[in-house]
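The values are calculated or read from the model by the stated rules, or taken from the named source; none is laboratory data. All values derive from a computational prediction rather than experimental measurement. Cβ sites come from the backbone with ideal geometry, for glycine too, and all protein chains shown count toward neighbours. Just so you know, the surface numbers come from the protein's heavy atoms only, side chains and all, with ligands and any DNA or RNA stripped out. Shrake-Rupley method; radii C 1.70, N 1.55, O 1.52, S 1.80 Å.
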Amino acid sequence: MCGIVGYLGSNQAAPVLLSKLRVLEYRGYDSAGVAVIEGGRLNVIKSVGKLSNLETLLQKERPAATVGIGHTRWATHGSPTDANAHPHIDESGTLAVVHNGIIENYSELRDELTGLGFEFRSDTDTEVAAHLVAYEYAKTKDILAAIVATVVRMRGAYALGIVSQNEPDRIFAVNHHYSLVVGLGDKESFLASDSAAVRQYTNKILRLEQSEIAEITACGVRLFDFQGKEQFREPATLNGDPYHIDKEGYKHFLLKEIHEQPLVLRQTLSKYVRSQNKPIDFNIEQFAAEADGEGLYGVRLTEDEIKSVERILIVACGTAYHAGLVGKYILEELCGIPVEVEIASEIRGRRLLVNDKTLTIAVSQSGETADTLAAIKEAISLGSFTLGITNRPDSHLARITPNLVVTECGIEVSVAATKTYSAQLVCFYLLAIYMAEIRGTLSAPEAAKVKKSLLQIPALVEQVLARAEDYKKASLEMSEAKGAVFIGRGLNYPTALEGALKLKELSYIHASGYAAGELKHGPIAVLDASVPVVTVLVPGKVYEKTLSNAQESRARQAKMVAVVVDGDELAPQTFDHLLSIPPVDEFVSPLLTVVPLQLMSYFVADFLGKDVDQPRNLAKSVTVE
Ligand code: AGP
C-alpha cells in the first residue's frame, strides 16, 4: 500500500517520478506528490485524488530538478486530503519524507515532539519521521546518523524515502520489513517500492534487505544496517522484459484481464505440464536457468518430505483466500491430506499449530500482502514446510519460501483480481496432482485424466468469454439490486464467495456468498424481490441439493440467476436468468464457473459508472496489517 519512487541523474526528475508513480498507482490512489530539489531548494508538489491531478500540477509548474522523491497514497492515518498527502516536510521545509507502512508508536513520538515544540501539519504517522530526522540532523549535521537515530526509535513495518536540500546530491531510503528496490542506471539511479517501476529504466537492481538504509547518488548506492554499519552486496540483473501496461483496445484493464484468462491458463499449464502422461514438472534447477535474476521457483521438497506431510495449512487474503478454499477441496480429494484454510490476518495473536509435518501454503498474487507474509513467517519459525503461490517471482513472498509455484499472468493492473485467481486455481490442481502421484494416492491414468480436463480448460474459457454479451442482460438487472446473495456447494462454494466479492468491490452493491446449504440457517431472511440470488450449479455430486436450495430462495420471491451448463433441463424452471457455460467436468469446474460472475460484476460496475479498475477505498497490494 502506497508507492515510493525516487530519482537522481541528469534528466528532469518530475517526468521520471511521474512515470514510475504510474506503474505504482495500483498500490493506492488517494493522493500523490513529489519533492524535488529545484535550484538548491526543496519544492513539494502534491494533490489529493488520482495521479492525473498531480500530473496537471506538474505540467503547470514544470519544476527544473534532477533529484526527487515521489509517492502515491492509500490512506491509513488521516483521510485523503492535500495536507495528508505525501511528501511530508520538517518545520524548516528543507527535508521531505515519503512513507509506506505504519509507524506503530507514532502517537507516542508525536506527543514527545509536540512537547519539544514541533508543530504538526497533518494527521499522518509519517510526519513524525520528517520531524525526527530533522531534529537529529540539527544535532550532528550528519544525515545518515540522523536517519539511524530516527529508525531505531520507530516501531512497525515501513519504508521511507528521504530528500534534503542540505544534501542535494543524494536521497536516502529505509526499508524495515517492507519492500524497496534501487535501480542502477548509467549515471542515474532510481528508487521504487516495486521493481516493475524501475525496470522501465534499468535491469540492474539492488533490493533492500529488512532493516537497511540506502544512500543513493547518481553514481551508485551504499547500504547500511540500522547501526550505521556499511553492508556490501552486488546488484542483480533482471532478464525479463519490462512490464507492458496497455489496455490494448479494451475499455478497462479489468475487461482485458478477464479476456486474458485463456492465455494465462495456457501459459501456466505449459510451464509445468510436459504432457498428459508425464509427471508435473516443478524442477527448480530448470526454472533457475530462466529466472530473472531474482526469482527462483519450483518445488524443492524431496519425495520423502512430501510423503511425510500430515496436514496442509493454506493462508491467504481476499480472492487468494478463495483460491485457497478451492485448493482445499482439490488437495484433500487427490492427496487425502487434511487441509485447513485460514484468512491470513486471523493467524495474528494466536497459537499457530503447525510443525515439521505440516506444509503451509501462502497464496498471494502480489507476494507482498502483509498479513499473508506475517502468517508464512510464523509458519517458517515453527518449522513447517512452506510453499508460495504468487504471480511475482520477485516478491517478498518469493524470497522467503523455498518452494514457489508461479502463476504466469503478466502484470495484473486492475485492482480486482481475475486472471490471477484462475491461474492460482490451476497451480493448486497441478500441485495436488504432483503431490498425489508422489504419495501414491493418484494413479498415473487418474492423473492423466485430471491433466486432460485441465488442458481443455483454456478453450472452454474462450467459449465462455464469447458469450459475454449474453450475460449482460442478467447483469443489468443486478445493477438495481439492494444487495445480492451468491450460493454454491462443494468446489463451487468458493466460487460463490468470489462472485460476491467481485460484485461488492466493483459495483459497491453489498453481496454475500454462502454455502448453499447454509442459506436456510439464517441468510434466507434477507431475501425478497430486491435481493437476487446467484446460484452456481454444475452437474455432479451436489447438483440436486444445490438446486433444492435455489428453489427455497425462489419461494421467497428472490430474482434468480444461475451459472449452469448448457442443456440443463431443470434450470429454466427455477431461474430467471441463466449464465450458461459449456459442459465441464465438475472437478475442474471452478475454473469456468467464475468467469460469467467476473463478467457480470464488470458489466454492473461499468453500467453504474463505477471506477472499474480502481474501486474506491481499495489498493492492489495490501502491505499493512
Ligand atoms: C481481489 O479482487 C482483491 N483485490 C483482494 O481481495 C486481493 O485478492 C487480496 O488483497 C490479496 O492480495 P494478494 O493476492 O496480492 O495477496
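Across region 487-625, Cα pairs under 8 Å and at least six residues apart give a relative contact order of 27 percent. For the chain, the residue among Ile361, Ser92, Gly249 whose Cα projects farthest onto the positive side of the dipole built from Cβ charges is Gly249.
Rg ratio for region 475-613: its Cα radius of gyration over 2.2 N^0.38 Å, N being its residue count, equals 0.94.
Counting only Cα atoms, the size of region 1-95 along its three principal axes is 33, 30, 21 Å, in decreasing order.
Straight-line cross-link reach from Lys520 at under 19 Å between alpha-carbon atoms covers these aspartates and glutamates, not counting any fewer than eight positions away in the same chain: Asp528, Glu544, Glu552. Of all DSSP-defined beta bridges confined to the chain, some 60% are antiparallel rather than parallel.
Simple point charges give the picture: +1 on the Cβ of Lys and Arg, -1 on the Cβ of Asp and Glu, and for the chain a dipole about the Cα centre of about 500 debye.
For Lys610, the aspartates and glutamates whose Cα comes closer than 15 Å to its Cα, not counting residues fewer than 8 places off in the same chain, are Glu480, Glu505. Annotation: the antiparallel percentage among DSSP beta bridges lying fully within region 531-616 is about 0.
Using every pair of distinct Cα positions in region 468-549, the Kirkwood expression returns a hydrodynamic radius of 12.9 angstrom. Taking trypsin sites (Lys or Arg not before Pro) across region 311-389, the ones in a DSSP loop with at most 11 further Cβ atoms lying within 10 angstrom of their Cβ are Arg350, Arg351. Here the label points at Asp186 and Leu263, each 7 Å from Cα along the C-beta direction, are separated by 3.1 nm in the simple model. Ranking Gly609, Ala416, Phe118 by Cα position along the charge dipole of the chain, where only Lys, Arg, Asp and Glu carry charges on their C-beta atoms, puts Gly609 farthest toward the positive end. Kindly flag which residue pairs out of Lys50/Lys502; Lys541/Lys620; Lys451/Lys620; Lys307/Lys328; Lys271/Lys504 have an alpha-carbon separation exceeding 29 Å in this structure. Correct reply: Lys541/Lys620; Lys451/Lys620; Lys271/Lys504. Here is the list for region 219-278: chymotrypsin sites (Phe, Trp or Tyr not before Pro) lying in DSSP coil, each with at most 12 other C-beta atoms within 10 angstrom of its C-beta, are Phe232.
So what's the net charge close to Val531: Lys and Arg +1, Asp and Glu -1, counting the other residues with Cβ under 10 Å from its Cβ?
Local charge sum for Val531: +2.
Annotation for region 138-232: GluC sites (Glu not before Pro) lying in DSSP loop with at most 16 further Cβ atoms inside 10 Å of their Cβ are Glu209. One Cα centroid belongs to region 195-271, the other to region 1-42; the line between them spans 16 Å.
Peptides 520-533, 11-24, 332-345 ranked from most to least packed, by the mean per-residue count of other Cβ atoms within 10 Å: 11-24, 332-345, 520-533. Partners of Lys204 within straight-line reach, counting lysines whose Cα lies under 20 Å from its Cα and excluding those fewer than 8 residues away in the same chain: Lys20, Lys187. Note on Ser79: accessible area approximately 70 square angstrom, rounded to 10, probe 1.4 Å, nucleic acids and ligands left out. Ranking Tyr29, Leu599, Ala157 by how far each Cα lies toward the positive end of the dipole of the chain (charges on Cβ) leaves Leu599 at the top. Computed from point charges on the beta carbon alone (+1 for Lys and Arg, -1 for Asp and Glu), the dipole magnitude for region 94-164 about its Cα centre is near 240 Debye. Using alpha-carbon pairs under 8 Å, 6+ residues apart, how would you state the relative contact order of the chain in percent? Dividing the mean separation by the residue count of the chain yields 11 percent.
Please grab the % of Cα pairs in region 157-282 that end up more than 22 Å from each other. Counting pairs separated by more than 22 Å, the tail of P(r) holds 53 percent.
Here is the tail figure for the chain: Cα pairs spaced more than 40 Å apart come to 31 percent of all pairs. Once C-alpha pairs closer than 8 Å and six or more residues apart are averaged by separation and normalised to the residue number of region 1-60, the relative contact order reads 28 percent.
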